[in-house]
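This report concerns only the one structure given below.
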Amino acid sequence: MKLPFGLPREEFLLPGHTACPGCGATIALRIVMKALGPRTVFVIPACCSTVIQGIFPGSSFAVPVVNIPFEAAAAVAAGVSAALEQLGEKDFSVVAWAGDGGTFDIGLQALSGAAERNDNILYICYDNEMYSNTGIQRSSATPIGAWTTTTPTGKREHKKDLLRIVSAHHVPYAATATIAFPKDLYEKVRKARQIRGFKFLHILTPCPVGWRFDASKTVEISRLAVQTGYWALYEIEHGKLRISPAFTPYLDKSRRKPIDEFLKHQLRFRTMTPELKAELERAIEEGIERLKREAELV
Amino acid sequence: MSTEILNGNHTAAYAAFLCDVDVVAAYPITPQTPVVELIAEFVESGRLKARFIRVESEHSAMSVCVGAAFAGARTFTATASQGLALMHEVLHWAAGARLPIVMCNVNRALGSPWSIWADYSDSAAQRDTGWLQVYCKDNQEILDSVIQGYRISEDSRVLLPVMVCYEGFILSHTYMPVHLPPREEILDYAPKKKPSWALNFDAPYTHGNLVLPVHFQHLRRQMHEAMQMARKVIVEAVDEFRKRFGRFHGALVETYQMEDAEHAIVSIGSLGAESFLAVDLLREEGLRVGAVRVRFYRPFPSEELRQLLKEVHSVTVFDRFASYGKGGMLSVEVRDALFELKDPPAVHGYVVGLGGVDVPYTVLADFVRRTVKDYAKVKRREEVIML
């Protein structure tokens, strides 16, 4: 028997992990692991998942895991993948599973190197839009207007558009996802698994601790991110951009919820000025119009 | 066995080829670049069935090697200077994870200011990363040390990475005859084997997750014990190498004319080769001088030095690396090794040849003459020398 959304019942994230209550990254991890199955190596740099695994000699992962330094995820994954192929292994996945700090910031160089070489790995950035593990500091994935401990009056700059940076490397597959749409996430991972070369998945994973919302609202916040247009769901396959069905309704501005619906639950936006909010709304609108053009819908 | 005229860098590439490495990841840096170029040729011509990953930095070069070694592959890389410094973080990781990686480091000074010439400031600064370090005096020793390196590194009693060091330009770009044993004989001497802990989908392990202090100190003590055990494994490996291939560069140290020596020179790398010539010169003058070349800097040959130097009056140590505010670290460690002797010899340490300054054996002989003259009055000397 399958779980809701057609997800397989078999679990590879075991009970006893040490994530915070309501952790979005852990929900994403559970779905990704179901999609990849047992023949998967996880390569994990410094990030929340370093903690989520649990403490030696225990581990909450039922697949092989290699922990590595902060900026090394893509390169280590490339090494694991090349070696397994060279040693004759077939039908496996090597996943670099990294947070936004390890991807947008310190790991960007290794990520770019592996993407340009088209190394046969699946790089997944679970994005909670800040350095959560060290206690909520700004990263280049933090959105404009958001409070963090290093932007006490709110960040003034926009979030980096990472998927475009990665897809500019001519990679065969790049996509966005978020946990409120588990089937969309699951299917994107299944698709990526079948493609040879460099695959990139960017998952928005709300963080109750850092975003300052109630731990029971993680999925709701994720859904609102999509419904307000804050987080677009799409994929770029061999340069061809396609809007994901779950996001299609929100291409139409009249069907989108006001951005306040997404912002109001999160105390990180409590001090956001009207100017910064207007700038965020403008960027969302511009981003979606650009997606429509590139998907050749207009 | 064939004999080729090779420079040090091409020798290193041949060594990787003959050891049939599975994965190579490297980034070009002067004076290491020809290693990478020749390996690319080996791989693209199909002579070496390996994956060659042309990484975007040395940090990624070592990271790729770490990943590949976790998977159980035989890995190789080469670097120098700034590149080694950039790897620093991952060097610790490789040793801490007990990965048998072999890397060549072409010794070159660290900036600023820019220098492309030899000294040991790059590899000496990595002394405490948990890597075995071997320093070569000629190109043949580069080849043989890489081969021995895989055997030692992959030994289940050691499982620590090995750094094979040789000086930029002095060896890297100097051509010498190098004997190349057949690959089958090398692979029989250093057979490839997959470690028991290599990644396995049927028995999934989590490598390197958070450990509590009590476990961490236990793992680090095991690392130290493995490094101590490596002394024995090195001796076994070089003895077996001598039996099979008829060559011997020393185990942890190489000695020259030490049997009746009253004064000793201790040095490392190509300075060691120069020191042997200085011995000949000084013996012609009637001075009973011998030389010890430190081959393995880690594990450090304390016991060997103690035994070799217990009867001499003086030791003149030549270092190609300065610890600013102290002096030459080799002389510090030599002095430490001799501390337990009842009547330890005078130890005069000189830091020479920084940034590639040429240090001919005649200069070394000058310093030894100075030591011989005043060792009875001057028990300890630490100087950084400009030639």
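The values are calculated or read from the model by the stated rules, or taken from the named source; none is laboratory data. Remember, it's a predicted structure, so these values are computed and weren't measured experimentally. Every residue, glycine among them, receives a Cβ derived from its backbone with ideal geometry; neighbour counts consider all protein chains shown. Surface accessibility is based on the protein's heavy atoms, side chains included, excluding ligands, DNA and RNA. Shrake-Rupley method; radii C 1.70, N 1.55, O 1.52, S 1.80 Å.
Tabulated data
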quantity	calculated
Test item: B:50-58 mean partner chain Cβ contacts at 10 Å	5
Note, ³J(HN,Hα) from phi for the range A:269-279, Karplus 6.51, -1.76, 1.60, rounded to Hz, x at Gly and Pro	9, 4, 9, 5, 7, x, 5, 5, 5, 4, 5
Loop-located trypsin sites (Lys or Arg not before Pro) in the range B:332-386 whose Cβ has at most 10 other Cβ within 10 Å (DSSP)	B:Lys342, B:Lys377
Between 0 and 90°, nearest 10: helix A:218-227 axis offset from chain A longest Cα axis	60 degrees
Where GluC sites (Glu not before Pro) fall in DSSP loop in the range B:294-378, at most 11 other Cβ within 10 Å	B:Glu340
Residue-by-residue Karplus 3J(HN,Hα) for the range A:128-141, coefficients 6.51, -1.76, 1.60, Hz, glycine and proline x	9, 6, 4, 7, 7, 5, 8, x, 6, 10, 4, 10, 7, 9
Average beta-carbon neighbours from other chains, 10 Å sphere, peptide B:207-219	4
Trypsin sites (Lys or Arg not before Pro) within the range B:27-111: DSSP coil, no more than 12 neighbouring Cβ in 10 Å	B:Arg47, B:Lys49
Rg ratio (alpha-carbon, reference 2.2 N^0.38 Å) - the range A:9-294	0.95
Dmax and Rg, reported as Rg then Dmax, of the range B:38-82 (C-alpha, Å)	11.2, 31
Placed amide H near B:Phe52: partners under 5 Å, 5+ positions off or other chain	B:Val24
Rounded to 10°, Cα long-axis angle of helix B:361-374 versus longest principal axis of chain B	50 degrees
Radius ratio Rg over Rh of the range B:253-384, counting only Cα atoms, Kirkwood formula for Rh	0.92
The range A:9-294, accessible area per residue, ligands and nucleic acids excluded (1.4 Å, Å²)	36 Å²
Mean projection area, nm², convex hull over Cα of the range B:156-214	8.4 nm²
Cα-based equivalent ellipsoid, the protein assembly as shown: semi-axes from gyration tensor eigenvalues, Å	55, 25, 22
Contact surface B-A: accessible area buried, both sides summed, square angstrom, 1.4 angstrom probe	3100 Å²
Chain B, relative contact order in percent, only Cα pairs under 8 angstrom and at least six apart counted	16 percent
Global form of chain B, assessed from the alpha-carbon gyration tensor, a/c cut-off 1.5	prolate
Packing-based ranking, highest mean first, of A:21-29, B:76-84 given that Cβ atoms within 10 Å are counted	B:76-84, A:21-29
Degrees, to the nearest 10: A:182-194 long Cα axis against longest axis of chain A	40 degrees
Accessible area per residue, Å², the range B:2-245 with all protein chains present, probe 1.4 Å	36 Å²
Interchain or long-range residues, amide H under 5 Å from A:Val66's placed H	A:Phe42, A:Val43, A:Ile44, B:His207
